[in-house]
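Undergrad: Dropping the structure in here first, questions after.
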Amino acid sequence: MKELRAIGIQPDVLLCRSEKPLPEEERRKIGLFCNLPAERVIPALDLATIYQVPLAYHEVGFDNEILKVFGIKDAPPPDLSKWQWVVDRVRNPEGE
């Protein structure tokens, strides 16, 4: 972050890769260091399959924060049922 800020890049949202859940206190500290609200420090946990990423990011509010950054209000809630179906199929395939 220090290097990015030195060349004039200030992020609106920060994704933090992690193997374990990121405690709220850690998100707050990272946000303070990066000049971001804690809700814009998004944990990007390791997942069993890449197809789980949209569902996981929705659960932690990433999509809502992006809407706020772009000033989009009253957006309909996303229908992630097809993504859930894909994840279910990947994790529990029929047959071999």
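The values are calculated or read from the model by the stated rules, or taken from the named source; none is laboratory data. On a predicted model such as this, the values are computed, not experimentally measured, just so you know. Neighbour counts are summed over all protein chains in view; Cβ atoms, including those assigned to glycine, are modelled from backbone coordinates with ideal geometry. Surface areas here come from the heavy atoms of the whole protein model, side chains and all, with no ligands, DNA or RNA. Shrake-Rupley method; radii C 1.70, N 1.55, O 1.52, S 1.80 Å.
Undergrad: Among the residues of segment 14-51 satisfying the criterion of being of a type in the set (Gly, Ala, Ser) and under 27 Å from residue 76 (Cβ atoms), which is surrounded by the most Cβ atoms within 10 Å (Cβ to Cβ)?
TA: Looking at residues that are of a type in the set (Gly, Ala, Ser) and under 27 Å from residue 76 (Cβ atoms), I get 44.
Undergrad: On to the next question. Residue 77 fails exactly one of the following numbered conditions: (1) in contact (Cβ under 8 Å) with a residue 12 or more places away in the chain; (2) surrounded by fewer than 14 Cβ atoms within 10 Å (Cβ to Cβ); (3) not hydrophobic (A, V, I, L, M, F, W, C). What is the number of that condition?
TA: (1)
Undergrad: Residue 41 versus (1) under 9 Å from the mean Cα position of the chain (by Cα); (2) under 20 Å from residue 84 (Cα atoms): which is the lone unmet condition?
TA: Of (1) under 9 Å from the mean Cα position of the chain (by Cα); (2) under 20 Å from residue 84 (Cα atoms), only one is false for residue 41: (2).
Undergrad: Could you say which residue among 93, 11, 54 is open to solvent by less than 90 Å² (accessible area, probe 1.4 Å), part of a helix (DSSP H, G or I) and not acidic (Asp, Glu)? If you could, list the steps in order and put the result at the bottom.
TA: Values: 93 fails: part of a helix (DSSP H, G or I); 11 fails: part of a helix (DSSP H, G or I).
Step by step, each of 93, 11, 54 is checked, and only 54 is open to solvent by less than 90 Å² (accessible area, probe 1.4 Å), part of a helix (DSSP H, G or I) and not acidic (Asp, Glu).
Undergrad: Of the numbered conditions (1) in a helix (DSSP H, G or I); (2) free of Cβ contacts under 8 Å to residues at least 40 places away in the same chain; (3) not aromatic (Phe, Trp, Tyr), residue 42 satisfies every one except a single condition; which is it?
TA: All conditions pass for residue 42, except number (1).
Undergrad: For the structure I just gave you, tell me whether residue 31 is without any contact (Cβ under 8 Å) to a residue 60 or more places away in the chain and outside any helix (DSSP H, G or I).
TA: So residue 31 fails the test.
Undergrad: Consider residue 56 carefully, then state whether it is of a type in the set (Gly, Ala, Ser) and touching a residue at least 24 places away in the same chain (Cβ under 8 Å).
TA: Judged against the criteria, residue 56 is not a match.
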